[in-house]
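Asks: Just dropping this structure here.
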Amino acid sequence: MSALDLETDVLIIGGGMAAAWAAIAAAQAGVEVVLVDKGFVGSSGVTATAGPGHWWAPPDPKLRAAAIDKREPSTFGLAERVWAERVIDTTWRTLPQLAAYYPFSKDGNGETYYSGVRGPEYLRALRRYAVDLGVQVLDHHPALEVLTHRDGSVAGAAGYARLERRPWTIRSAATVLATGGCAFRSGLIGSHTNTGDGYLMGAEAGAELSGMEFSAIYTLSPAWCSTRTLPYSAARFFDAAGAELDIPPMRSDRTHFQALAKAMLEGPVFADLSEAPEALKPILRRIQPATIAPFERRGVRLFEERFEVKLFGEGTIRGTGGLRIVDDDCQTTVRGLFAAGDAATRELVVGASSGGGSPNSAWALTSGQLGGAAAARLARTQGRRAGERAHSRGQTGLRPTSAARPVDERAAIEAVKDEMLSYDKALWRRRTSLERAEARLDGIWTELGQHRRAEGLDQVAARETAALVATARWSTRAALARNETRGLHYRADAPDLSPDSAHRLLVGGLDTLWTRFDIPAAKVLEAEVAA
Ligand SMILES: Cc1cc2nc3c(=O)[nH]c(=O)nc-3n(C[C@H](O)[C@H](O)[C@H](O)COP(=O)(O)OP(=O)(O)OC[C@H]3O[C@@H](n4cnc5c(N)ncnc54)[C@H](O)[C@@H]3O)c2cc1C
């Protein structure tokens, strides 16, 4: 089959809720939109498996201020109030638009309950809404690389259609990266396609990342299969001998996971959910069907029998790092390249602590809406520029710099998993182990870049491996540079907050990495004056 060549105003890369909301916003602005997903829009990405709750506060200034104040301490000074306000407001105004496609439930008072939705139906509704607005959805069309104009602005992307087995190129005036976060192939439910591709494609085009050190977070699941987190809030935990373990409640994310991980490093840990709220038991199937299925298949009675649990890494999915955003339109440092959802840093809203549990969904919706609308505006003002030459920016995994030869990719991915997910390395970071990880990952990166050549469908796997290694390197470098403990990032060798480090940490580069604190110009000036 011949290659697919398209031209559009706005290209959206990704197929989760952020991508769908971006496509909807761009199409509503009246421009032509194409959306490409690695999987099938409706079942791929982490939203599809969930029962996502959105950050939700009515337009009463006191209620909104209270919602933001409540989260403020856990941001550790890295969030911006104006972003939290924007996210809450956009979510409140936008989510009800879906009423024609999604059967919102009622709350206890007979009012429509918008904030909590069932993932699979939500995604199906978003897809139908986007298609009705004229968005062209291309399932199983993973993007491999971004294209840029001579002036460095984005000119579209190229990829490979997995079912039709043919390359594709889509020229666009603006592009939104909504490729999700990266769970480092931990087995986390819904995350198999979340390999950090958007970070790599963005960085190759010149984008910067932020907050990649906030990537050590886990979800608790039955040992044999990753599920969602909902039923564990009232769990009690036991060791193999039946002795109860002292585990802090789930709310205090890091200490909860550290206590569980410590116990798991010593032996199997079992959860007992018999004290879960009675009200939850009959409705769990409706809220999170994916949570129930593995228990039924095993014949385990979820709320009656103890079962072994394990931690599945969530990386930057419920961590907070991602592509740096430099304006209110969710644009990256590359002109015409926007980032939305977990592909973008969520520090602007949640700072150093996880955005799971409602801000992340609200962020995915809002950043999708802002990025999609801004991409449409750019397309209208500058035109498609399709006659200009476009340069391919993909490198590692696509264009080896030396003689091509087989590279052990399985070993590369295992190394990423070992360095990024091993409880002792991720939850108790230390300079020595981070430096060892960096040297190991750098070696793998160099080998991939020099020798890995892929053709056809194999390019997708090659780029996933490259993106996993790249994401692990940025996370490790940032974890080294943040020589303190803040939020999700715990340095066992620097266990205190450092007042000098109350800034977002930027990281970037491909072969040679760099970091720098994102200190506002006014603050630099203030410090210079004081000195
Ligand atoms: C266990 C768990 C529970 C959670 N609970 C909540 C909650 O209750 N509330 C909340 O706010 N948040 C929650 N979150 C977080 C929330 O689910 C995410 O923030 C949100 O789903 C992000 O949406 P997204 O569209 O950015 O990413 P995703 O839904 O992951 O979508 C990414 C998409 O990009 C596609 N893609 C990847 N690479 C490419 C490529 N190269 N080319 C084309 N497409 C590509 C993928 O196939 C996928 O479709 C939870 C997350 C987890 C893991």
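The values are calculated or read from the model by the stated rules, or taken from the named source; none is laboratory data. Values in this document were obtained by computation on a predicted structure and should not be read as measured data. Positions of Cβ are backbone-derived with ideal geometry, glycine not excepted, and every protein chain shown enters the neighbour counts. The protein model used for the area step is the full one, side chains on, heavy atoms only, and it has no ligands, DNA or RNA in it. Shrake-Rupley method; radii C 1.70, N 1.55, O 1.52, S 1.80 Å.
Asks: Could you tell me whether segment 126-138 includes any residue that is within 30 Å of R71 (Cα to Cα) and not in a loop (DSSP other than H, G, I, E, B)?
Replies: yes
Asks: Given (1) in contact with a Gly (Cβ under 7 Å, 6 or more places away or on another chain); (2) away from the ligand (no atom under 13 Å from the Cβ), identify the lone condition not met by A125.
Replies: The number of the failed condition is (1).
Asks: Output the qualifying pairs, or none if there are none: Cβ atoms under 6 angstrom, residues six or more apart or on different chains, first residue in segment 4-30 and closer than 21 Å to H140 by Cβ, second residue away from the ligand (no atom under 15 Å from the Cβ) and β-branched (V, I, T).
Replies: Taking only residues 6 or more apart or on different chains, the pairs are V10/V31.
Asks: Starting from segment 34-56, take each residue that is within 11 Å of T179 (Cβ to Cβ) and among the polar types (S, T, N, Q) and list its partners that are near the ligand (Cβ under 8 Å from one of its atoms) and not in a helix (DSSP H, G or I), counting only C-beta distances under 8 angstrom and pairs at least six apart or across chains.
Replies: Short answer, once both residue conditions are applied: S44/G15; S44/G16; S44/D37; S44/K38; S44/G190; S44/T193.
Asks: Right, next: Considering each residue of segment 433-491, count those that are free of Cβ contacts under 8 Å to residues at least 40 places away in the same chain, crowded, with 21+ Cβ neighbours inside 10 Å and either within 16 Å of the ligand (Cβ to nearest atom) or more than 30 Å from S74 (Cα to Cα) (or both), and give that number.
Replies: Number satisfying all stated conditions: 2.
Asks: Next up: Inside segment 207-249, can you point out the residues that are at pLDDT below 85, of a type in the set (A, V, I, L, M, F, W, C) and open to solvent by less than 40 Å² (accessible area, probe 1.4 Å)?
Replies: A234
Asks: Something else now. Give the number of residues within segment 159-185 that are crowded, with 23+ Cβ neighbours inside 10 Å and within 13 Å of the ligand (Cβ to nearest atom).
Replies: 13
Asks: Within segment 326-352, which residues are part of a loop (DSSP other than H, G, I, E, B) and open to solvent by less than 20 Å² (accessible area, probe 1.4 Å)?
Replies: C330, T332, V334, G336, A340, T345, R346, G351, A352
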